[in-house]
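**Student:** Take this structure, written in structure tokens, and hold onto it; I'll ask about it next.
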Amino acid sequence: MTKDDKKNTFSITLHKKLSDRETAGLLRRETVFPPTHAPDRINFAGNDYLGLSHHHDIINAFKNGIDRYGVSSCASRLITGTTEAHTILEREIAVFKQTESAVLFASGFQANSSVIPALCRSGDVILSDYLNHASLIDGIRLATALHRNIQFKRYRHIDMQHLKELLHEYADRRVIIITDSVFSMEGDYAPLDTIVACKEQHRNAIVYIDEAHATGILGAHGRGAIEHFGISPQHIDIIMGTFSKALGCFGAYVCGTNTVTEYIRNFTRGYIYSTAFPPAQACACSAALHVLQNNSSLRIRLRTNIHRLHSQLRHLGFTLPSFESHITTILLGDNNRALAYQKKLAERGFHVSAIRPPTVPPNTARLRITLSAAHTADEIDALCTALHEIKQDDKSNDTQI
Ligand SMILES: *Cc1c(COP(=O)(O)O)cnc(C)c1O
């Protein structure tokens, strides 16, 4: 085989995989969006649940942070990348989550994919909800590759009976239970109260939760699913979350005891060998936390919007999940059908995402509608009307939606 042949074979293999995806209606391409102050479509697909990404206090904090620190941290945290902006934010997020301390990460994906392998040891059993986020799954996969004799078991989504059975089966092993607290594609909540009770029954179990879609939204103060379920944070060993969803910023954190965070700083490669996130970004995240804590009206507005969307869609005959959440799905099944709905909504001025495998299981393609406190009642009503019209025209409507 010549050098050129080799290059060709490589390219042909990639091309074949791409065209297989295209044939299955699964090829993904980015849509380019205009700046939010000049929108051509109303966005029902983002994660800016409280509309904070354009809050002037947060923007000003970001700008002042840039004036003070420049645009980069220029090094990893343990070299010269730590500023007061980082340590203040770590203290503030720990206080907000009511834990002893916190450690920052450049992104949620980086946190999950590098903290889980650092925490695991040979012989552990990892029990993971079937619908956990990809970053948790990748962290688990890496853990199984790095340590000997790790059992990776997925329990059926939110099925506590299944979790109990597995805990019983592995009564003699150290078990790490890992779950999203609000599931990113379904919008439903993991029953943390039951999970904590299960953990307490086991001789040696640890709980790791991902609060990416819960922080800022759930609970009376927006502290997350832990507050929603009235659980003392001390009962959860690792609480991970992001600044990139309801807080409207970027980056992530892991909260726990001083020992846990000290361990993470020393043993997590994704922390040690990666450039610290920009100090100005830490300033923005701190400002977002302040806005969040001083504006409970944002959460109330979001809840009103959630209720409005759900009751209208039900009234129009859509089958919706039995719970109300800031993430709502309309199950369509077929990939191309989901894409057609997305396209027709776009033509009418709405951006709603069609979510397809492998993000969700095969034959469960869906529309995923996310709500924000920034949406107006008129915008929600207009979306419902558009969905209704599209449904009326849907010739494949033999599958009930
Ligand atoms: C978005 C998300 C992440 C990843 O966070 P990023 O900061 O976007 O990398 C992790 N977990 C869950 C559940 C998420 O929804």
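**Student:** Say we look at the stretch 95-113 and pick out the residues that are more than 16 Å from the ligand (Cβ to nearest atom) and touching a residue at least 24 places away in the same chain (Cβ under 8 Å); which of these is least open to solvent (accessible area, probe 1.4 Å)?
**Tutor:** Across the stretch 95-113, the extreme among qualifying residues is Phe96.
**Student:** OK, next. For the structure I just gave you, tell me whether Gln392 is among the polar types (S, T, N, Q), out of contact with any Phe, Trp or Tyr (no Cβ under 6 Å at 6 or more places or on another chain) and surrounded by 16 or more Cβ atoms within 10 Å (Cβ to Cβ).
**Tutor:** Considered against the rule, which asks whether it is among the polar types (S, T, N, Q), out of contact with any Phe, Trp or Tyr (no Cβ under 6 Å at 6 or more places or on another chain) and surrounded by 16 or more Cβ atoms within 10 Å (Cβ to Cβ), Gln392 comes out as no.
**Student:** Give Ala220, Ala212 a once-over and let me know the one that is of a type in the set (A, V, I, L, M), away from the ligand (no atom under 16 Å from the Cβ) and either not assigned by TED's automatic domain parsing to the domain that holds Ser76 or not in a strand (DSSP E or B) (or both).
**Tutor:** Just one listed residue meets the conditions, Ala220.
**Student:** While we're looking at this one, here's another question. Only one residue in Thr179, Thr194 is under 21 Å from Lys153 (Cα atoms), open to solvent by less than 10 Å² (accessible area, probe 1.4 Å) and of a type outside the set (Gly, Ala, Ser). Which one?
**Tutor:** The unique qualifying residue is Thr179.
**Student:** In addition: Among the residues of the stretch 215-237, is there at least one that is open to solvent by less than 10 Å² (accessible area, probe 1.4 Å), of a type in the set (Val, Ile, Thr) and under 11 Å from the mean Cα position of the chain (by Cα)?
**Tutor:** yes
**Student:** Quick check on the stretch 289-302. Is at least one of its residues open to solvent by 20 Å² or more (accessible area, probe 1.4 Å) and not in a helix (DSSP H, G or I)?
**Tutor:** yes
**Student:** Taking Phe277 as meeting all but one of (1) aromatic (Phe, Trp, Tyr); (2) within 11 Å of the ligand (Cβ to nearest atom); (3) out of contact with any His (no Cβ under 9 Å at 6 or more places or on another chain); (4) open to solvent by 10 Å² or more (accessible area, probe 1.4 Å), write down the number of the exception.
**Tutor:** (3)
**Student:** Could you grab me the full set of residues in the stretch 186-242 that are β-branched (Val, Ile, Thr) and farther than 30 Å from Gly123 by Cα?
**Tutor:** Of everything in the stretch 186-242, those that are β-branched (Val, Ile, Thr) and farther than 30 Å from Gly123 by Cα turn out to be Thr215, Ile217.
**Student:** Identify the single condition in (1) outside any helix (DSSP H, G or I); (2) modelled with pLDDT under 95; (3) over 30 Å from Lys17 (Cα atoms) that Gln392 does not satisfy, given that it satisfies every other one.
**Tutor:** So the condition that Gln392 fails would be (1).
To keep it simple, each residue is scored yes or no on (1) modelled with pLDDT of 95 or more; (2) within 16 Å of the ligand (Cβ to nearest atom).
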site: Val125; (1), (2): yes, no
site: Phe152; (1), (2): yes, no
site: Arg174; (1), (2): yes, no
site: Met185; (1), (2): no, yes
site: Cys198; (1), (2): yes, no
site: Val207; (1), (2): yes, yes
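**Student:** Is it true that Ala373 is small (Gly, Ala, Ser), more than 19 Å from Gly187 (Cα to Cα), at pLDDT 95 or above and open to solvent by less than 50 Å² (accessible area, probe 1.4 Å)?
**Tutor:** Taking the combined requirement at face value, the residue does not satisfy it.
**Student:** Look through Gly65, Gly70, Gly25, Gly51 and report the one residue that is at pLDDT below 95 and either surrounded by 17 or more Cβ atoms within 10 Å (Cβ to Cβ) or assigned by TED's automatic domain parsing to the domain that holds Gln281 (or both).
**Tutor:** Testing whether each residue is at pLDDT below 95 and either surrounded by 17 or more Cβ atoms within 10 Å (Cβ to Cβ) or assigned by TED's automatic domain parsing to the domain that holds Gln281 (or both) leaves just Gly25.
**Student:** What number of residues within the stretch 338-365 satisfy the criterion of being open to solvent by 20 Å² or more (accessible area, probe 1.4 Å) and assigned to a helix (DSSP H, G or I)?
**Tutor:** The number of residues fulfilling the criteria is 7.
**Student:** Further question on the same structure: So, Thr268, is that one within 16 Å of the ligand (Cβ to nearest atom), closer than 20 Å to Phe109 by Cβ and open to solvent by 60 Å² or more (accessible area, probe 1.4 Å) or not?
**Tutor:** When the stated conditions are applied, Thr268 does not pass them.
**Student:** Select from the stretch 364-378 the residues that are over 22 Å from the mean Cα position of the chain (by Cα) and either among the aromatic types (Phe, Trp, Tyr) or over 22 Å from Ser296 (Cβ atoms) (or both) and list them in ascending order.
**Tutor:** Passing the criteria: only Asp378.
The values are calculated or read from the model by the stated rules, or taken from the named source; none is laboratory data. This one's a predicted model, so the numbers in the text were calculated from it and none came from an experiment. Note that each Cβ is placed from the backbone with ideal geometry, even for glycine, and that neighbours are counted across all protein chains shown. Keep in mind that these areas ignore ligands, DNA and RNA; they rest on the heavy atoms of the full protein, side chains included. Shrake-Rupley method; radii C 1.70, N 1.55, O 1.52, S 1.80 Å.
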